[in-house]
Structure formats: C-alpha cells, structure tokens
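Here's the structure we're looking at; comments come further down.
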Amino acid sequence: MSNYLRTTLFFQAWILWSITTLAQSQTVRFSGAVTDPSGAVVVRATVRLDNRDTGESFRSATDNHGDFHFSVPRGEYLLRAEAPGLTLGKSPQAIALNNPITITLQLTIPAVANTVVVTATGTPQSLDETAKAVDVADRDQLQRRSIESTVDALREFPGMRISQRGGPGSLATIQIRGLRPQDTSVLIDGMRFRDAAAPAGDAQAYIGDLISVNTGRIEVLRGSGSSLYGTNAIGGVVNIVSDTGSGPFHGDLTVDGGGLGEIRGVAHLGGSALANRLHYSAGLGHLNVTRGVGDYNPYRNTTGNGLIDYSLRPGLILRGRLLGTGDNARLNNNPAAAPDSALPPTGYVPAIGGVTFIPNLEDPDYFRTSRVISTLVGLDHQINPLLSYKITYQALLTNRDTVNGPLGTDFQPLYRNSSQFNGRIDTVQGRANFLAGSHQLLTAGYEFEREYFESPSSDQNPDPIFRVNSNTQVSQRSHSFDAQDQIRLFGDQLQLSISGRWQAFDLSRPNFLGTVPVYANVSAINPPNAYTGDMSVAYLFKSSGTKIRSHGGNGYRVPSLYERFGTSFYGSSFTAYGDPRLRPERSVGIDGGIDQYLASDRVRVSASYFYTRLQEVIAFDFSGLINPETDPFGRASGYRNTGGGIARGVELSLQAKPLRSTQLLGSYTYTNSRDKYSQFADGTLQTPRITPHTFGLTVLQQFGHRWDAALDFLATSDYLFPLYQNTFPFSQRTFIFPGSRQANLSIGYTYSLGDSSRLRFYTSIKNLADQTYYEDGFRTPGRWAVAGITYSF
C-alpha cells in the first residue's frame with residue numbers, strides 16, 4: 001500500500017471518528033411485563049430487540065415480577081419474547097422506538113417458529129421477510145437432538161449434502177445444491193472462516209472439528225451469497241452464530257460418554273453485568289474418542305469460544321470474540337478399488353466393502369494435529385436513528401501437521417515425514433448503514449484482507465542428499481467494496497434487495513527454500529478482478545399467509561494461494577503446478593419459490609427451484625493440455641481455468657406444530673448435478689458424491705414437563721465416487737455406493753431443582769438400524785450410543 005493511500009485512509013478514519021465522537025446517540029426506554037395466556041406473569045422470560053437498520057441485538061430477561069427493561073438507541077426494531085412452551089405470536093413484531101414505551105407482552109402457545117435471521121442480507125429480518133432460502137437451527141433444538149458438531153446439525157436441512165469420512169472428528173464436507181465443497185462459505189459470527197493453506201482456500205479441513213460449545217444458532221443461506229460475503233459463497237453460506245449471553249447469570253454443565261470410547265465434557269455460561277451494559281457468553285468443551293470406528297481411529301478435541309460486548313454509551317458497543325480449537329486424530333489409508341479380477345470388465349462397479357473395494361485400513365503411525373485461533377474485535381456505533389456503522393477486525397490462524405511413517409499397508413514412506421500447512425488471514429471490515437426514508441436501507445462496505453500460507457515439509461532420511469527439507473511461503477492482499485439497497489413497500493409486504501461487490505488482488509513474490517524461484521517475476525502479474533451482483537424480491541400475501549420469492553446473482557471464488565503457487569518437493573527436486581495468473585471462478589444462479597402457512601399457522605410448507613451454472617472453474621490438469629515449452633513456469637501439469645458445470649433441482653420442506661408438544665421438520669431435495677468435464681476415467685459427467693434424492697425428517701416431542709424425545713431420520717439415494725487401484729495398473733473405476741438409511745434417537749428426562757436450576761438425564765442412539773455405510777469408501781460408525789447428564793442453572 002502506498003504512503004499516499006495510507007495517509008488518505010488515516011485521515012478518513014480520523015475524520016469519521018471525530019464526527020462520531022461529537023455525535024450523541026439518543027436513547028429511549030422500553031419496558032413492560034410478560035404474561036402467559038392466563039394473564040399470570042412469566043419469570044425469566046427472554047425478550048429480544050433486533051435493530052432492523054444497524055443489526056444490533058439487545059436481550060433482557062424478566063425478573064421475579066415478570067418485568068423487563070431496555071434503554072436502546074432510537075430506531076425500528078424486531079421484537080421477540082419467549083419462555084419454555086410459549087412465544088410472542090407467529091412472527092417477530094416490528095416496533096418503532098422513538099419515545100418511551102411501557103407495554104405488556106402476552107405469550108401464547110407457539111405456532112410454527114418464525115425467527116430473526118441476519119445471513120440473508122447482513123441485517124436482521126424475520127423469515128417471513130427474507131426473499132432468499134434460509135434455514136435455522138437454534139441452541140434449544142441442537143441440545144434436544146444431542147448435536148455435538150456443526151456437521152451433525154446440518155444433515156437434515158433441504159439442499160444439503162453432508163459427508164464425513166468416519167466417526168467424530170474425521171474429514172467432513174458440506175455441499176449445497178449439488179455443488180462442490182469449496183462452493184460453500186463458512187462464517188463464524190458473520191466473518192469468513194477458511195483455511196489459507198487449503199488447496200481450495202476453503203474451510204473443509206476444519207469443518208469436522210467445529211464442536212458445539214457456545215453456539216447460539218446456525219443459519220444456512222442456500223443460493224449465491226458472494227455479493228455480501230465474498231469468496232466461496234457460490235452455493236450458499238453457513239453462519240455459526242455464537243450465543244449472545246445477556247440476561248441473568250446462567251449456564252449448563254454436560255458430561256456424557258459411551259460408544260466408540262467417547263467421553264465428552266462441555267461447560268457453558270452467559271449473562272450480563274454493570275447495569276446490563278456488559279453482555280458475555282463462553283463455552284469450553286473436550287471430546288475424547290478413545291477408539292473410534294474399527295477401534296483404530298482415536299480422536300481428541302478441545303474447543304473454547306468466548307463472546308463479550310460492552311456498551312461504552314448508548315449506541316456505542318465494543319465487542320470481542322475468541323475462538324480456539326485443537327485436535328489430534330489418527331488417519332487411515334485411503335480406500336482402493338479391488339484388482340481387476342474382482343471387478344466387472346466395464347460399467348459402474350457396485351461398492352461392496354472387502355469385495356469390490358478395500359475400505360480404509362489402519363495405519364498406526366499416520367497422525368494429524370491441527371490448531372485454530374480466531375480473534376475478533378469490533379466497534380458498533382449508531383450515530384443517530386438514520387446512520388450507523390461498524391468496524392470489525394479478525395485474525396484467523398490455522399495450523400495442520402500431518403505425520404506419516406513406514407508402518408501400515410500399501411504405499412508408505414521409507415522414513416517418517418512431516419507436512420505442515422500453516423495459514424493466517426487478517427480481515428478488516430467497515431460497514432455503514434443509512435436509513436434513506438422509513439422503508440429504504442442503504443449499506444456500503446469496504447474490506448481489506450491479507451492471507452499468508454506457509455508449508456514446511458521434512459523427513460528423517462539419513463542421506464542428506466535426498467532428505468526433504470523444504471518450505472513454501474506465499475501471500476496476497478485484496479481490497480473489496482460492496483453496496484446493498486434494501487427496500488420495503490406496501491406495509492412491508494414487498495421486500496426488494498439489490499447488492500454488488502468488487503474485489504481486486506495484489507500478489508507478492510513467493511519464497512521457496514533451496515529451490516530455483518520459478519515465480520521470480522510474479523509480483524509483476526496483475527490477477528483479474530472479481531465482480532458480483534445479486535437481486536432478490538419477495539411478496540407476502542398476509543391474508544392467505546403466502547409468500548412468493550425469487551433470488552438471482554452471480555458468485556465467485558478467489559484462487560487459493562495453493563492454486564496460485566502450488567509446489568511439489570521430492571528429495572532435492574522441485575515441481576511447480578500453481579499458476580498466479582489464474583482468474584477467479586465464476587458462477588450464475590437463480591432460485592425461486594413459495595412459502596405457505598396452513599392450519600392456523602401451525603404448518604408451513606415451502607417449495608423452491610434452483611439452477612446454478614459454473615461458468616469457469618479451476619481444475620488440476622494432468623491430461624497434457626499444459627505445454628511445458630510454452631508455459632511460463634515450465635509446468636507439464638497443474639492448475640488451470642476451465643469450464644464448469646450445472647446443478648439444478650427442487651427443494652421441498654415442511655415445518656409443523658400439530659400439537660403444543662410436537663414439532664415436525666421435514667425436507668426432500670432432488671438434485672441433478674453435471675460437470676462439463678468428467679472427474680471419472682470413464683467419462684461420467686455426474687458430479688461425484690452428490691445424491692439425486694435426499695429425504696430428511698426431524699421429530700421433536702415433549703411428554704409432560706419432564707420427558708422429551710427427538711428423532712432424526714435421513715435417507716438418500718445411491719451416489720457415484722471414483723476409487724483407484726493400489727496395484728498395477730492403478731486404474732480408476734466408478735463405484736456406486738448405497739445411500740444412507742439412518743435414524744438417530746435421543747431421549748431426555750428433566751428433574752427440577754428449583755425455580756432456576758435443573759438436571760437433564762439423556763441418552764442418544766445413533767444409526768438405530770446398524771446400517772453398514774461408507775462415505776467415499778471410508779467406514780462410518782454402526783449403531784452406537786452415548787448417555788449423559790446436564791446441569792442447568
């Protein structure tokens with residue numbers, strides 16, 4: 001960055017800060033009482049206010065008299081109130097707070113939940129208002145279903161394909177609407193979570209390690225989100241939102257254990273202090289799987305997550321979050337196709353473990369350790385009811401070390417080796433919201449991102465000539481600007497949103513230890529910019545409870561540092577296969593649908609059609625299309641831009657509350673996903689791992705005040721996946737793997753210890769029918785169970 005630009009940005013920041021410190025946010029008092037349907041006061045009910053324009057959230061809890069109190073900046077809010085088994089109407093209520101208000105909120109028996117989401121537009125909206133396909137799983141639902149990790153929470157959502165190669169902690173992927181794993185953007189509290197050292201620059205390497213310790217809810221946006229969230233959001237966005245805490249001091253302690261040799265402990269707390277100016281939440285968990293699948297897949301994970309925000313004065317909030325996770329896992333050999341003698345000569349091969357393919361086998365000296373630290377600080381300032389801004393900085397550090405030795409079957413290294421993948425991403429994000437009239441919100445943002453990738457590799461070869469001791473160090477910076485216009489008309493029945501984003505890149509010259517710098521002139525390369533746009537519209541017919549919606553936009557994925565500067569070291573030799581000239585991946589997608597309330601709002605059904613075209617992607621080519629004589633880096637194989645494919649289909653979903661004690665969540669997805677260039681040796685164009693038909697069902701049932709149960713069921717059609725032989729001629733064959741037919745059952749019993757504390761005893765049985773199921777040839781757990789106890793206060 002030039003000195004001129006630094007000086008300009010400094011003075012702009014100084015001017016903005018001077019203006020904001022002189023401006024005083026006007027506040028208003030909002031108070032009242034919460035009652036149940038009979039008119040009796042409700043103690044410890046939760047009352048929430050979400051500012052529709054700034055995104056700020058405020059939470060309070062009723063005292064022993066059923067009263068609550070807020071002092072918040074003037075503006076328009078979405079109001080929610082809830083208590084166990086009760087809620088404030090079907091939808092969050094829009095309320096304008098410009099003068100002091102005292103009100104009585106009467107809770108009723110809830111119909112279908114219509115919560116507040118932020119991922120669709122970056123600002124709070126009720127589900128009835130959003131024009132995009134969004135699903136939510138809150139903390140209460142996750143606990144009742146005995147959900148331990150993020151991937152387990154997403155399996156039954158429409159449009160989702162979750163794959164996990166084994167038991168807890170194994171490699172997992174998230175695919176939305178038939179697209180690739182790298183087409184899903186993962187956010188934590190609205191900020192990108194990805195690995196700068198991953199081959200595709202995504203979060204795939206760490207998805208399986210995200211256990212739930214302080215999760216407030218998980219939001220899933222299906223459809224392009226790149227204009228708001230940048231790279232990787234081609235297929236959709238998964239936003240993991242931390243618990244906001246607030247209210248009286250509360251928390252829970254959980255201990256459980258059982259099958260696979262699992263032992264788990266989680267502590268979670270939250271609350272407020274200093275006259276409700278300080279809100280905090282924290283969670284700490286440890287998961288120890290002593291045996292794992294096949295008794296040779298141990299896994300350990302320790303995760304902590306803490307969130308805090310402090311109101312310096314009304315309308316000016318300083319916030320921070322610290323997330324850390326560390327794990328250790330034993331890895332296995334990759335599955336392999338059986339010899340030709342055991343396979344049909346042509347066509348697809350039925351996947352039969354131990355017959356047509358060899359599942360993953362034990363490798364006793366193959367391990368992976370990984371660490372993640374994410375630090376976030378931010379400042380939210382509402383200058384006046386019309387203008388607000390927020391500034392956020394996040395530092396994300398990732399580290400993976402894979403160690404392998406000579407033990408095990410198939411091909412093993414002669415000497416113990418280590419391959420590290422270390423990444424760091426620093427992100428600074430500024431965003432301003434301006435309320436241009438009572439029904440139009442304008443948003444503008446700037447983002448600076450710097451990512452760094454380091455990959456040291458070594459082995460214990462006693463011969464120094466052939467000993468591996470290499471290191472690759474590369475980095476890039478990017479600047480992006482985005483803008484959004486949200487319009488609400490006709491009494492908020494019509495919702496219109498238009499957004500766009502521009503991103504430019506600045507590459508630095510990489511460093512390689514002990515090799516010829518083939519990328520010596522890379523700093524002179526100016527990679528192409530990325531441009532995206534997005535538009536969504538929805539109209540709600542309030543009289544019939546019908547909403548029609550449409551969403552369209554284009555997406556992109558930034559070439560990863562690995563794709564730009566990928567290298568291979570063997571002994572003293574060096575091979576380059578990255579290309580710093582790569583263009584960003586591009587896509588265009590549309591979706592539309594209808595949401596309908598039925599049976600006095602106790603049933604909501606949704607139907608969506610989606611279509612996504614990958615216009616240009618990045619692929620690894622080893623077919624000879626790269627000519628080493630004309631390639632500026634002398635490559636014979638490596639990454640290049642090529643054509644993509646298409647994914648289209650239909651999503652159906654059901655959310656029903658037939659009884660006060662019963663909740664049903666169901667979904668069906670049909671996906672037709674085709675690549676332009678085959679990933680199979682036989683030319684098959686169907687996208688690997690995608691199941692054409694997926695059905696999911698979740699039933700939550702309360703039996704009186706003490707017993708509860710949750711049933712999750714997932715059924716998928718067969719899918720295709722390629723496997724290579726591990727003996728000559730090392731051919732690749734296309735296998736048909738049977739789909740999943742798995743049900744999980746959780747049962748709990750709650751014993752009250754007083755007004756504010758209780759014990760919950762529970763058991764959870766996974767894979768009830770004991771299905772033998774393989775993901776990409778890896779064995780997954782059969783029937784197993786855990787039992788535990790939670791103390792809540």
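Scan segment 690-704 and tell me whether some residue there is in a loop (DSSP other than H, G, I, E, B) and crowded, with 21+ Cβ neighbours inside 10 Å.
Checking segment 690-704: at least one residue is in a loop (DSSP other than H, G, I, E, B) and crowded, with 21+ Cβ neighbours inside 10 Å.
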Restricting the first residue to segment 672-687 and requiring it to be more than 13 Å from R180 (Cα to Cα), which pairs with a second residue that is assigned to a loop (DSSP other than H, G, I, E, B) and basic (K, R) meet a Cβ separation below 6 Å and a spacing of at least six or different chains? none
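In segment 580-598, which residues are part of a strand (DSSP E or B) and out of contact with any His (no Cβ under 8 Å at 6 or more places or on another chain)?
Selection gives E585, R586, S587, V588, G589, G593, I594, D595, Q596, Y597, L598.
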Where R192 falls short, out of the listed (1) under 22 Å from L376 (Cβ atoms); (2) of a type in the set (K, R); (3) surrounded by fewer than 22 Cβ atoms within 10 Å (Cβ to Cβ): (3)
Filtering segment 360-389 down to residues that are open to solvent by 20 Å² or more (accessible area, probe 1.4 Å) and touching a Gly at 6+ places or on another chain (Cβ under 6 Å) yields R371, I373, V377, P385
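Among residues belonging to segment 407-450 that are open to solvent by 50 Å² or more (accessible area, probe 1.4 Å) and of a type in the set (A, V, I, L, M), point out the one that is farthest from Q476 (Cα to Cα). Give the steps one after another, and end with the answer.
Let us first name the residues in segment 407-450 that are open to solvent by 50 Å² or more (accessible area, probe 1.4 Å), namely 407, 409-411, 414-416, 420, 424, 428, 434, 438-440, 442, 444, 446, 450.
With the extra rule that they be of a type in the set (A, V, I, L, M), the set shrinks to 407, 414, 428, 442, 444.
Values: L407: 39, L414: 36, V428: 15, L442: 30, A444: 24 Å.
Only one residue tops the list, namely L407.
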Looking at segment 42-55, I want the residues that are within 15 Å of G247 (Cα to Cα) and have a partner that is of a type in the set (K, R) with Cβ atoms under 6 Å, at least 6 apart or on another chain. Which pairs are those? R48/R59; R48/R80
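Of the residues D682, D712, D718, which single one is under 24 Å from Y774 (Cβ atoms), open to solvent by less than 70 Å² (accessible area, probe 1.4 Å) and in contact with a Ser or Thr (Cβ under 8 Å, 6 or more places away or on another chain)?
D712
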Filtering segment 404-438 down to residues that are aliphatic (A, V, I, L, M) and under 28 Å from the mean Cα position of the chain (by Cα) yields I425, V428, A432
N333 meets each of (1) under 28 Å from Q204 (Cα atoms); (2) open to solvent by 40 Å² or more (accessible area, probe 1.4 Å); (3) at pLDDT below 95 with one exception, condition (2)
Need the failing condition index for G178 against (1) farther than 28 Å from G89 by Cβ; (2) open to solvent by 30 Å² or more (accessible area, probe 1.4 Å); (3) in a loop (DSSP other than H, G, I, E, B), just the number. (2)
Checked pairs for segment 199-223, first assigned to a loop (DSSP other than H, G, I, E, B), second basic (K, R), C-beta under 7 Å and 6 or more apart or across chains, list as G201/R194; D202/R194; A203/R194; G223/K132
Give the residues of segment 581-610 that are touching a strand residue (DSSP E or B) at 6+ places or on another chain (Cβ under 6 Å), of a type outside the set (A, V, I, L, M) and over 30 Å from S91 (Cβ atoms), sorted by residue number. R583, P584, E585, R586, S587
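Would you mind finding the one in T184, T150 that is surrounded by 24 or more Cβ atoms within 10 Å (Cβ to Cβ), free of Cβ contacts under 8 Å to residues at least 60 places away in the same chain, within 23 Å of N305 (Cα to Cα) and hydroxyl-bearing (S, T, Y)?
On the way: T150 fails: free of Cβ contacts under 8 Å to residues at least 60 places away in the same chain.
Of T184, T150, the one residue that is surrounded by 24 or more Cβ atoms within 10 Å (Cβ to Cβ), free of Cβ contacts under 8 Å to residues at least 60 places away in the same chain, within 23 Å of N305 (Cα to Cα) and hydroxyl-bearing (S, T, Y) is T184.
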Name the residues in segment 469-497 that are under 23 Å from Y577 (Cβ atoms), open to solvent by 20 Å² or more (accessible area, probe 1.4 Å) and small (G, A, S), would you? S475
Which of the residues spanning segment 743-793 are touching a residue at least 40 places away in the same chain (Cβ under 8 Å), assigned to a loop (DSSP other than H, G, I, E, B) and of a type in the set (A, V, I, L, M, F, W, C)? F793
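Within segment 783-793, which residues are open to solvent by 30 Å² or more (accessible area, probe 1.4 Å), modelled with pLDDT of 95 or more and of a type outside the set (S, T, Y)? Reasoning before the result, please.
Here is the first cut: in segment 783-793, the residues open to solvent by 30 Å² or more (accessible area, probe 1.4 Å) are 783-785, 787, 789, 791, 793.
Remaining after also requiring modelled with pLDDT of 95 or more: 783-785, 787, 789, 791.
Correct list: R783, W784, A785, A787, I789.
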Report, by residue number, each residue of segment 90-120 that is closer than 21 Å to G589 by Cβ and modelled with pLDDT of 80 or more. none
Scan of segment 300-330 for residues that are more than 30 Å from L260 (Cβ to Cβ), among the β-branched types (V, I, T) and surrounded by 18 or more Cβ atoms within 10 Å (Cβ to Cβ), ordered by number: I317
Looking at (1) in contact with an Asp or Glu (Cβ under 6 Å, 6 or more places away or on another chain); (2) within 29 Å of L720 (Cα to Cα); (3) part of a loop (DSSP other than H, G, I, E, B), can you tell me which one G167 breaks? (1)
Within segment 660-667, is even one residue basic (K, R), surrounded by 15 or more Cβ atoms within 10 Å (Cβ to Cβ) and in contact (Cβ under 8 Å) with a residue 24 or more places away in the chain? no
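Could you look through segment 30-62, keep only residues that are open to solvent by 60 Å² or more (accessible area, probe 1.4 Å) and not in a strand (DSSP E or B), and pick out the one that is nearest to I308 (Cα to Cα)? Lay out the reasoning, then the answer.
Step one: list which residues in segment 30-62 are open to solvent by 60 Å² or more (accessible area, probe 1.4 Å), which gives 37-38, 41, 43-44, 57.
Filter once more, so that each one left must be not in a strand (DSSP E or B): 37-38, 43-44.
Values: P37: 35, S38: 37, V43: 25, R44: 21 Å.
Among those residues, the one meeting the criterion is R44.
The values are calculated or read from the model by the stated rules, or taken from the named source; none is laboratory data. As the structure is a prediction and not an experimental result, all values here were calculated from the model. Positions of Cβ are generated from backbone atoms using ideal geometry, with glycine treated the same way; all protein chains shown enter the neighbour counts. The accessibility values were calculated without ligands, DNA or RNA, using every heavy atom of the protein model including side chains. Shrake-Rupley method; radii C 1.70, N 1.55, O 1.52, S 1.80 Å.
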